[in-house]
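Okay, structure first, notes after.
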Amino acid sequence: MTQFGHFDDAAREYVITRPDTPWPWINYLGTRDFFSLISNTAGGYCFCRDAKFRRILRYRYNGVPMDAGGRYFYIKDGDTVWSPGWKPCKTPLDTYECRHGMGYTRIVGEKAGLRAEVLFFVPPDARCEIHRVKLTNTGKTTKRFQLWSFVEWCLWNASTDMENFQRNLSTGEVEIEPDALYHKTEYRERRDHYAFYGVNRPYDGFDTDRETFMGMYNGFEAPQQVLSGTSGNTVAHGWSPIASHRFDLELAPGASDELIFVLGYVKNPQEAKFTAPGVINKAQARKMLQAYGTPAGADIAFETLKSYWDDILSRFSVASAVPELDRTVNIWNQYQCMITFFFSRSASYFESGIGRGMGFRDSNQDLAGIVHLIPARARQRILDIAATQFPDGGCYHQYQPLTKRGNNDIGGGFNDDPLWLIFGTVAYIKETGDFGILHEKVPFDNKPGTEVSLLEHLKISFAHVTDNLGPHGLPLIGRADWNDCLNLNCFSDNPDESFQTTENKTEGSKAESLMIAGLFVAEGKDFAELLAHPAVAADPKYVAKVRSAVAAMEKAVKAHGWDGEWFLRAYGYYGDKIGSNENEEGKIFIESQGWCTMARIGADEGLCDKALDAAVKHLECEHGLVLNAPAYTRYIKDYGEISSYPQGYKENAGIFCHNNPWVIIGEAMAGRADDVWRHYCKITPAFTKDQSLRKVEPYVFCQMVAGRDAARPGEGKNSWLTGTAAWTWKCVSEFILGIKPQYDGLLIEPCIPVAYGTYKVHRRFRDAEYDLTIRCTGKPGASHFIPYIPGHHTLDIEL
Ligand code: GLC
Ligand code: GLC
């Protein structure tokens, strides 16, 4: 089995040792609003705040070969041209290594006695990438060589950048200065932002015109200027602006040299855009260049970044007998939760950055992964999300990060959406004890004057379900529930219609969802507990109403949602069963098994155990639990997109990792530790062995791993930006290791095989810090409550 890299836990890095990974293995840079994607060969791009509207570097999805474009360095040493990250030149290197760390990536390439090390990072709170290039002569003779930098600018709107060439090819504008090459397309008109690529040393040549730099018919691997050892010193007008600096360098044996590049973004006040007619105000850019353009400045910025992540990752850690568990919990899962929180589902190597903004349901779920890490930002996110809601509790399915306004690209009407606001808020308050958030005034659809309290938003979220019940007393599904692809009101014959926004039959729809029913019961119980807490002390009549709605839903599920061996998935438009043994295909689905068992519906009558047994029997395969079984083998108009996928992919019997933890949590609540552990290990990348099969990054969870019916079961896709991050975090931290934040303390209630049952946890919780030694002896249902008391506590807990 080919290995492409390994973990370095002490450094909190993943070390890639061959550049030709089965798929680009990427990392993310940025912590606030300037963000970058960077692959192990330095491909990728960056943007400020919004991957669609403020794209800084151009990137070509679907390129051949893939992952073309990034921050490239070219070295010309005699007749040999090479790149430290192997690509784009692909000249064989003597040494190659890429280390993806927390918010930085370090790539080292060495060729014929010349070593180039490039450290890429985004300083916390700064709007720039730093590229710190260290060159060392490791040979025995003096080296005379040349170095070129290269980036290609995107014309800001990543969508029109790829479409509107009749205009785009005439708009490019730049300014050339000794410290930096400035990109100012459209700055002359309404834009108040520009980008720049600067360096801390006078350069020997430059280019800003792509055609001159590349040559009309050359690719990234062989720029004309590099081949000929020159620069065109071009000033781009229209066409495609780029930025490239050239340096003619000399290094004695053993000597090193360092250049620090800053790739930045600046927004100016409208009234201070220019310093002279047509000349951009560069003050902010110069400040950044000064701050980071010295080794000392870059050191400080990098140290600040390190402390940022040290602080984040010092809040929860485990020391167990299982290294795969420890590295997942202590490093990569929490890191992925942060990245997913920052990016939602906008920009990855599977998400183009133009398709989706922030999802209402997605962003609420992401909170579960970060409330313990960045509570203040979680708080703001909750208020931002709630402000996109409508007065009837419904909401836009997604909103744009730049404006924080709901966007209508996918419309609304996904009937699970409102409940996730309760989910996110409960997670936040349990972690922080900040009940005050419930009194924050939040508008509807961002319209000033419509403000009500967040608590009111939660009430109408809850009511949105009870106001929309179907004939069995179960929640109407609307466009879809969590499963975007179960489109029961769509009925589309037309390939030009979107499954998600088309409802050819809505009037009188009876399609009902058992997934929403389970979610409603689980969240309804949480909601009632919150309302009844003395810090909220809601009107007891209202609390009773919530409880009785929950009880009615449980009754409806037991009466109409139980198929004999497992929970049904849904009722279709015509009242037909979906996810029933009566169906030929799609007899059983994971979502309703997960949510109804997490809600413990019918637990006393044995329904949860039966449903979990059925999940093991029908859904489990070598790589995890598939979404449904058997897979749909043809398009079924009544069900929509789910049956559009070939068997074994995505929502049609793929291992949709996001929902595996639902079953695992259900298992944990039922005390089935062996099942919990087995399912968890299957979807957790640190435990997977075959890197070539998995294909995507071995350090992060995927949205989807190909299921048993696919061509290559076990092949991962859609890595990084997925609700899997937050859900596996919740699953492992609260249900496996058993550290459950409660309003007034921590409940310790693990579910882990006894063989791994002794471990230490360090947990910061509000103003308290706990060092816990936990020893599980396998007693079913054992738990221990630790009341919240500020200060440091060391406890030894035997359960
Ligand atoms: C994607 C979406 C998410 C949805 C899931 C299942 O991950 O981002 O909103 O719930 O697919 O369809
Ligand atoms: C696709 C995907 C689904 C995703 C949806 C978002 O249908 O299968 O996972 O949630 O698009 O629009």
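Quick note: the coordinates plus some simple rules give every number you see, no bench work behind them. Quantities reported herein were computed from a predicted structural model and do not represent experimental measurements. Positions of Cβ are generated from backbone atoms using ideal geometry, with glycine treated the same way; all protein chains shown enter the neighbour counts.
If I take R0 = 30 Å and measure r between the Cβ atoms of Ser256 and Asp9 in this structure, what FRET efficiency does the formula 1/(1 + (r/R0)^6) give, to the nearest 0.05? Write out the running numbers ahead of the final one.
Numbers: r = 29 Å, r/R0 = 0.96.
Once the sixth-power term is evaluated, E becomes 0.55.
Among Leu249, Leu627, Leu37, rank each residue by its count of other Cβ atoms within 10 Å, from fewest to most, as a rough exposure measure. Let's see the in-between values first.
Working: Leu249 18, Leu627 29, Leu37 26.
The most exposed by this proxy come first: Leu249, Leu37, Leu627.
Work out, step by step, the length gained on full extension between Phe785 and Lys525: first 0.36 nm times the residue separation, then minus their alpha carbon distance; give nm to one decimal. Don't jump to the answer; show the numbers that get you there.
On the way: separation 260, 0.36 × 260 = 93.60 nm, distance 1.97 nm.
Value of the extension gain: 91.6 nm.
With a 10 Å radius around each residue's Cβ, average the other Cβ atoms per peptide and rank 411-421, 387-397, 684-694, highest first.
Values: 411-421: 24.8, 387-397: 22.0, 684-694: 17.5.
Answer by packing, highest mean first, reads 411-421, 387-397, 684-694.
Given labels modelled 7 Å from the Cα in the Cβ direction, how far is it in nm from Asn164 to Ala535?
4.9
Using a ≥ b ≥ c from the Cα gyration tensor of region 720-765 (square roots of the eigenvalues), is it rounded, prolate or oblate, where a/c under 1.5 gives rounded and otherwise the larger of a/b and b/c decides, a/b for prolate? The partial results should precede the final answer.
Numbers: a/c = 2.08, a/b = 1.19, b/c = 1.75.
Verdict is oblate for region 720-765.
What is the sum of charges around Tyr203, taking Lys and Arg as +1, Asp and Glu as -1, for the other residues whose C-beta is under 13 Å from the C-beta of Tyr203? Display every interim value, and only then the final one.
Details: positive: Arg201, Arg246; negative: Glu177, Asp179, Asp204, Asp207, Asp248.
So the environment of Tyr203 carries a net charge of -3.
Could you give the nm distance between label points at Asn218 and Glu798, where each point is 7 Å from its Cα heading toward the beta carbon?
It is 7.3 nm.
Checking the a/c ratio against 1.5 first, then a/b against b/c, what shape does the Cα gyration tensor give for region 182-232? Let's see the in-between values first.
Details: a/c = 3.25, a/b = 1.63, b/c = 2.00.
The shape class here is oblate.
Applying a 10 Å radius around every beta-carbon, put 724-734, 88-98 in order of their mean neighbour count, most first.
Values: 724-734: 25.8, 88-98: 18.5.
Packing proxy ranking, top to bottom: 724-734, 88-98.
Let me check I've understood the local charge: for Glu591, count other residues with C-beta under 12 angstrom from its C-beta, Lys and Arg +1, Asp and Glu -1. What total comes out? Please report the intermediate quantities before stating the final value.
Values: positive: Arg569; negative: Asp416, Asp481, Asp484, Glu651.
Taking every Cβ under 12 Å from that of Glu591, the sum is -3.
Given axes a ≥ b ≥ c from the Cα gyration tensor, I'd like to know whether region 653-701 is rounded (a/c under 1.5), prolate (a/b larger than b/c) or oblate.
Numbers: a/c = 2.91, a/b = 1.97, b/c = 1.48.
Verdict is prolate for region 653-701.
Under 16 Å Cα to Cα from Lys441, which aspartates and glutamates show up? Leave out anything in the same chain fewer than 8 places away.
Within reach: Asp384, Glu451, Glu456.
As I understand it, the dipole of the chain uses +1 on the Cβ of Lys and Arg and -1 on the Cβ of Asp and Glu, about the Cα centre. Which of Ile130, Pro787, Asn628 lies farthest toward its positive end?
Value computed over the given set: Ile130.
In whole angstrom, how far apart do the alpha carbon centroids of region 505-526 and region 540-555 sit?
Taking the Cα centre of region 540-555 as reference, the centre of region 505-526 is 15 Å away.
On a full-extension model of 0.36 nm per residue, what is the gain between Asp771 and Arg190, subtracting their alpha-carbon distance, rounded to one decimal in nm? The partial results should precede the final answer.
On the way: separation 581, 0.36 × 581 = 209.16 nm, distance 5.48 nm.
The Asp771-Arg190 span can extend by a further 203.7 nm.
Show which lysines lie in cross-link reach of Lys143 when reach means a straight Cα distance below 29 angstrom and same-chain residues fewer than eight apart are skipped.
Here the lysines satisfying the reach criterion relative to Lys143 are Lys76, Lys87, Lys90, Lys111, Lys134.
Any lysines with Cα under 17 Å of the Lys730 Cα? List them, leaving off those in the same chain fewer than 8 positions away.
Once the sequence-local lysines are set aside, what remains near Lys730 is Lys430, Lys682, Lys740.
In whole Hz and in residue order, list the ³J(HN,Hα) couplings for region 613-630 that follow from phi through the Karplus curve 6.51 cos²θ - 1.76 cosθ + 1.60, θ = phi - 60°; x for Gly and Pro.
4, 5, 4, 4, 5, 9, 10, 6, 9, 4, 10, x, 9, 6, 6, 8, 8, x
Roughly what % antiparallel, to the nearest 5, for the DSSP beta bridges in the chain? Can you show the working numbers first?
Numbers: 136 of 144 bridges.
Close to 95 percent.
Measure of size requested: the Rg and Dmax of the chain, with Cα atoms as the atom set and Å as the unit; please supply both.
27.3, 86
Given the peptides 602-608, 147-153, 285-291, arrange them by the average over their residues of other C-beta atoms within 10 Å, most packed first. It would help to have the intermediate numbers written out before the result.
Values: 602-608: 15.9, 147-153: 24.6, 285-291: 18.9.
Per-residue mean Cβ counts within 10 Å order the peptides as 147-153, 285-291, 602-608.
Is there a quick way to get the dipole size of the chain? I mean about its Cα centre, with the Cβ of Lys and Arg at +1 and of Asp and Glu at -1; what is the value in debye to the nearest 20?
Values: 86 positive and 100 negative charges, 230 e Å.
About 1100 debye.
If R0 is 35 Å, what FRET efficiency do you get for Asp392 and Cys681 from their C-beta distance, rounded to 0.05? Before the final figure, lay out the partial values.
Numbers: r = 43 Å, r/R0 = 1.24.
The formula returns an efficiency of 0.20 here.
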